[in-house]
Amino acid sequence: MTLQKTADEIKNGRAILGIEFGSTRIKAVLINTQNEPVAQGAFDWENSLVNGIWTYSLDEIHHGLTTAYAEMKKDVQNKYGVKLTKLRAMGISAMMHGYLAFDKKNNLLVPFRTWRNTITGEASTKLSNLFNYPVPERWSISHLYQAVLTNEPHVNDVAFITTLAGYVHWQLTGRKVLGMGDASGMFPIDTAAGTFNKKMLAQFSNLVADRHYNWKIEDLFPQVLSAGNNAGTLTKEGALLLDADRDLESGIPLCPPEGDAGTGMTATNSVAKRTGNVSAGTSVFAMVVLEKNLAKAYNGQIDLVTTPDGSLTAMAHANNCTGEYDKWIKLFGEAASALGAKFDKGRLYDTLLELALKGDKDCGGLIPYNYISGESMTGLASGRPLFVRTQNCSFNLANFMRAQLFTALGALRTGMDILFDKENVKLDTLICQGGFFKTTSVGLNIMAAAMHTPCAALSTAGEGGPWGMALLASYMVNGNGRKLEQFLNEEVFSSSKSTTVQPAPADVEGFNQFFIRYTKGLEVEKSAVKNVD
């Protein structure tokens, strides 16, 4: 689309806005009628540790929202010479889970407890056992029940609980609603009914009945809405909160607020059954849209959430991925520099990572562990980076780099084996994004071998969650009765370019052999945790 046509669309209020509150950045992305990003703005922020709680203040949330919008608005002015005054639609997304609790006068009762807090282990375990359903520590209900267990005085005064996306949406529209994907990180969802699971709500009510609280659990949560629904309009107060210059008109329709998992699935066109996406960087997680419910709960290994339009989705998450091999590559770079070599960081990474494709298929007997932190997936509360090799190994640089990439996916493979082998989950393609795939051919080949599944990278995947949120807003006003997957296929991804790698049988067998040694060697890792301080 030409600059002039884009400028005309923005001036005429046809552009659509998506804003996402990530852990370290709040980002606003504006898209045109072809669902292409045309402007963006951002605000960097960091959580604070206050009295043992990882949190962001409400003032930070409001300031970050206004600043990210102002930067996007400035980008519009600089690129197109247009003042942004109206929008076709918009949507808010944020990091999932956590706990924002308010009293009946809308006062925040305790500082926002983010997903990063791990203070809810007792509640998580008890609720998972009660529901026979995985309830992770970061879920809102885990935070509430942990507060019950520890007799926090604020609990009796709770009148409303929401997530960060739900809170911002509430401030902009006055409506206490939540998209289904984000809601599935508050409390288990009944995907058939499209709302919180009534049986489990009743179980929770019975669990806390002897406490005689002034509330019922079902009255504390926001209304659950599926993608495509209208979730309210921007109020005059909301417009002022968003645009401090008072240029933005109120009345803009908003789609249901969503979590970052849902926007990630949308941005990678992974909302249909038998599709999945994997994000691999400092940590790694895979999300697979299921055709049926799992046969049992796998607490601490497989989480269950939903797509924005309500399809049950399994999530396997590992805390460690690229962090350890980043350190090794930096070390090799220092060695090369000491010998007088001159190179940039990109060439260093590409050169070393590409060697992995030349190594022995099973890494020649090298077994590293990338556990900078613990891994619940493999039963370790803390970690120790470790390198082990067999006596008759083939110890060379190619095998070393291949082993580092293989081990980066070891914990993830542990979780995915539950889905593939125990639950017989079928997956057509994994859409890949993140730093693991910067050297695209290497990352895709290694991931395909580890997951024994075709792996693809989309040219648009780098646009990320804010773009995915804008697409959900676009779906609300342009869906015309179509399912979300149909809208994405026809309106967004029909002409997108992708690179797909099929798993090579020899590479798959090589990873399988490596993984056998990796799994047996976890006892060495556990011993290192126990004996090396």
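The values are calculated or read from the model by the stated rules, or taken from the named source; none is laboratory data. Everything numeric here is computed off the predicted structure, so don't read it as measured data. Here Cβ is always computed from backbone atoms with ideal geometry, including for glycine, and neighbour counts include all displayed protein chains. Note: accessible area is taken over every heavy atom of the protein model, side chains too, but ligands, DNA and RNA are not part of it. Shrake-Rupley method; radii C 1.70, N 1.55, O 1.52, S 1.80 Å.
Figures for the structure shown
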{"quantity": "Which numbered condition residue 496 fails, given (1) out of contact with any Leu (no Cβ under 6 Å at 6 or more places or on another chain); (2) closer than 17 Å to residue 272 by Cβ", "calculated": "(1)"}
{"quantity": "Members of segment 59-84 found to be open to solvent by 10 Å² or more (accessible area, probe 1.4 Å) and out of contact with any helix residue (DSSP H, G or I) (no Cβ under 8 Å at 6 or more places or on another chain), listed by number", "calculated": "59, 60, 63, 67, 70, 71, 73, 74, 75, 77, 78"}
{"quantity": "Residue in segment 270-284 that is within 30 Å of residue 86 (Cβ to Cβ) and either in contact with a helix residue (DSSP H, G or I) (Cβ under 9 Å, 6 or more places away or on another chain) or of a type in the set (Ser, Thr, Tyr) (or both) present", "calculated": "yes"}
{"quantity": "Among residues of segment 20-58, those that are of a type in the set (Asp, Glu), under 23 Å from residue 488 (Cβ atoms) and out of contact with any Gly (no Cβ under 8 Å at 6 or more places or on another chain), counted", "calculated": "1"}
{"quantity": "Of the criteria (1) open to solvent by 70 Å² or more (accessible area, probe 1.4 Å); (2) within 18 Å of residue 268 (Cα to Cα); (3) of a type in the set (A, V, I, L, M, F, W, C), which one residue 516 fails", "calculated": "(2)"}
{"quantity": "Qualifying residue in segment 387-394 (condition: buried (at least 19 other Cβ atoms within 10 Å of the Cβ) and either assigned to a helix (DSSP H, G or I) or not hydroxyl-bearing (Ser, Thr, Tyr) (or both))", "calculated": "no"}
{"quantity": "Residue within segment 200-213 that is open to solvent by 30 Å² or more (accessible area, probe 1.4 Å), among the charged types (D, E, K, R), outside any loop (DSSP other than H, G, I, E, B) and modelled with pLDDT of 95 or more present", "calculated": "yes"}
{"quantity": "Which listed residue, of 382, 376, is closer than 16 Å to residue 315 by Cβ, open to solvent by 30 Å² or more (accessible area, probe 1.4 Å) and either out of contact with any His (no Cβ under 6 Å at 6 or more places or on another chain) or among the aliphatic types (A, V, I, L, M) (or both)", "calculated": "376"}
{"quantity": "Which listed residue, of 226, 250, is under 20 Å from residue 140 (Cβ atoms), of a type in the set (Gly, Ala, Ser) and modelled with pLDDT of 95 or more", "calculated": "226"}
{"quantity": "Every residue from segment 395-410 that is crowded, with 21+ Cβ neighbours inside 10 Å and farther than 23 Å from residue 286 by Cα", "calculated": "399, 400"}
{"quantity": "Unique residue being among the β-branched types (Val, Ile, Thr), surrounded by fewer than 21 Cβ atoms within 10 Å (Cβ to Cβ) and out of contact with any helix residue (DSSP H, G or I) (no Cβ under 7 Å at 6 or more places or on another chain) when the list is 440, 453", "calculated": "440"}
{"quantity": "Qualifying residue in segment 14-31 (condition: open to solvent by 50 Å² or more (accessible area, probe 1.4 Å), in contact with an Asp or Glu (Cβ under 6 Å, 6 or more places away or on another chain) and within 27 Å of residue 225 (Cβ to Cβ))", "calculated": "yes"}
{"quantity": "Residue that is surrounded by the fewest Cβ atoms within 10 Å (Cβ to Cβ), among those in segment 218-249 that are without any contact (Cβ under 8 Å) to a residue 60 or more places away in the chain, within 19 Å of residue 196 (Cβ to Cβ) and aliphatic (A, V, I, L, M)", "calculated": "225"}
{"quantity": "Test: residue in segment 316-326 that is under 29 Å from the mean Cα position of the chain (by Cα) and surrounded by fewer than 20 Cβ atoms within 10 Å (Cβ to Cβ)", "calculated": "yes"}
{"quantity": "Output for segment 291-305, where each listed residue is over 20 Å from residue 262 (Cβ atoms), of a type outside the set (Gly, Ala, Ser) and open to solvent by 30 Å² or more (accessible area, probe 1.4 Å)", "calculated": "292, 296, 299, 301"}
{"quantity": "Segments classed as strands (runs of 3 or more DSSP E), wholly inside segment 1-120, with at least 1 members that are hydroxyl-bearing (Ser, Thr, Tyr)", "calculated": "48-50, 53-55, 89-94"}
{"quantity": "Subset of segment 411-422 [open to solvent by less than 10 Å² (accessible area, probe 1.4 Å) and either in a loop (DSSP other than H, G, I, E, B) or aromatic (Phe, Trp, Tyr) (or both)]", "calculated": "none"}
{"quantity": "All positions within segment 250-290 that are buried (at least 22 other Cβ atoms within 10 Å of the Cβ), of a type in the set (Ser, Thr, Tyr) and in a loop (DSSP other than H, G, I, E, B)", "calculated": "268, 270"}
{"quantity": "From the options 353, 339, residue that is open to solvent by 70 Å² or more (accessible area, probe 1.4 Å) and at pLDDT 95 or above", "calculated": "339"}
{"quantity": "Filter result for residue 55 (among the β-branched types (Val, Ile, Thr) and open to solvent by 20 Å² or more (accessible area, probe 1.4 Å))", "calculated": "no"}
{"quantity": "Pair list, Cβ < 9 Å and 6+ apart or interchain, from segment 404-429 residues that are touching a residue at least 60 places away in the same chain (Cβ under 8 Å) and of a type in the set (Lys, Arg) to residues that are assigned to a helix (DSSP H, G or I) and open to solvent by 10 Å² or more (accessible area, probe 1.4 Å)", "calculated": "413/515; 426/420"}
{"quantity": "So residue 164, is it of a type in the set (A, V, I, L, M, F, W, C), over 17 Å from residue 299 (Cβ atoms) and buried (at least 22 other Cβ atoms within 10 Å of the Cβ)", "calculated": "yes"}
{"quantity": "Number of the condition not met by residue 405 [criteria: (1) in a strand (DSSP E or B); (2) closer than 13 Å to residue 518 by Cβ]", "calculated": "(1)"}
{"quantity": "Some residue of segment 486-495 being of a type outside the set (Ser, Thr, Tyr), touching a His at 6+ places or on another chain (Cβ under 9 Å) and either more than 26 Å from residue 307 (Cβ to Cβ) or crowded, with 20+ Cβ neighbours inside 10 Å (or both)", "calculated": "no"}
